[in-house]
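Here's the structure we're looking at; comments come further down.
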Amino acid sequence: MATKLNQLDLEKYNLDKYTFEELISEKELNDRVKKLGQQISKDYKGKIPVIIGVLNGSFLFMADLVRNLNIDFEVDFLKISSYGNDTKSSGTVGLIKDISADIKDRDIIVVEDIVDTGLSVEFLYNRLNKEKPSSIRFVTCLKKPSKINIDGLVNYIGFNISDSFVIGYGLDYAQKFRGLSSIYNLNPKKEN
């Protein structure tokens, strides 16, 4: 997949009723991920956290994040669903793939691509907390204004964004556009 978005991509996938604009550049992403990695390394100095990526969207962000850590860590993944092929959250969260690591008495860092409604964070916190970890913290590349109060759970935020639909850097529309190196707003075209 190309690292830049063009109008032909939108037309190819029947998205020509949308416009796009770059929201966060590749350089801005790299700079912020580096700072997040430094902060997490400082906060977890002397510890070996289990870093859990939420598939599929967090894979690029997580890969870049762990390359910027100066601590030992373990990695695991889980997969949930909340969007399907739409531009809005379905309002329900389901577990598709669970972790395999034993996280009892461990420090957990959950890596999300985007926090939208807050339902995924709430679901994941409740699911992982059943395993009795020492701590659970969330890091997200993007955070929208949440509909539920999860502020105490999301400890590391790459960028706060408005309530719009975004693609690129792991974020998709119907499984497309994950490989874009920047993040784009995907906006409905204005009717004339």
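The values are calculated or read from the model by the stated rules, or taken from the named source; none is laboratory data. Bear in mind that the values here come from a model prediction, so they are computed numbers and not experimental data. Quick reminder, even Gly has a Cβ in these numbers, built from the backbone with ideal geometry, and neighbours come from all protein chains shown.
Some observations on this one:
- Verdict on residue 155 being within 28 Å of residue 30 (Cα to Cα), in contact with a Ser or Thr (Cβ under 9 Å, 6 or more places away or on another chain) and not in a loop (DSSP other than H, G, I, E, B): no
- Test: residue in the stretch 134-148 that is farther than 19 Å from residue 98 by Cα, in contact (Cβ under 8 Å) with a residue 40 or more places away in the chain and among the small types (Gly, Ala, Ser): no
- Scanning the stretch 116-152 for residues that are closer than 20 Å to residue 31 by Cα and among the aliphatic types (A, V, I, L, M) returns 139, 142.
- Given (1) assigned to a loop (DSSP other than H, G, I, E, B); (2) at pLDDT 90 or above; (3) of a type in the set (A, V, I, L, M, F, W, C), number of the condition residue 148 does not satisfy: (2)
- Test: residue 142 is part of a strand (DSSP E or B), at pLDDT 95 or above and of a type in the set (A, V, I, L, M, F, W, C): yes
- Qualifying position, being of a type in the set (A, V, I, L, M, F, W, C) and touching an Asp or Glu at 6+ places or on another chain (Cβ under 9 Å), among 119, 128, 153: 153
- Residue in the stretch 149-165 that is surrounded by the most Cβ atoms within 10 Å (Cβ to Cβ), counting only those that are of a type in the set (Phe, Trp, Tyr) and closer than 13 Å to residue 183 by Cβ: 165
- Annotation: residue 130 fulfils all but one of (1) closer than 16 Å to residue 50 by Cβ; (2) among the basic types (Lys, Arg); (3) touching a residue at least 12 places away in the same chain (Cβ under 8 Å); the unmet one is (3).
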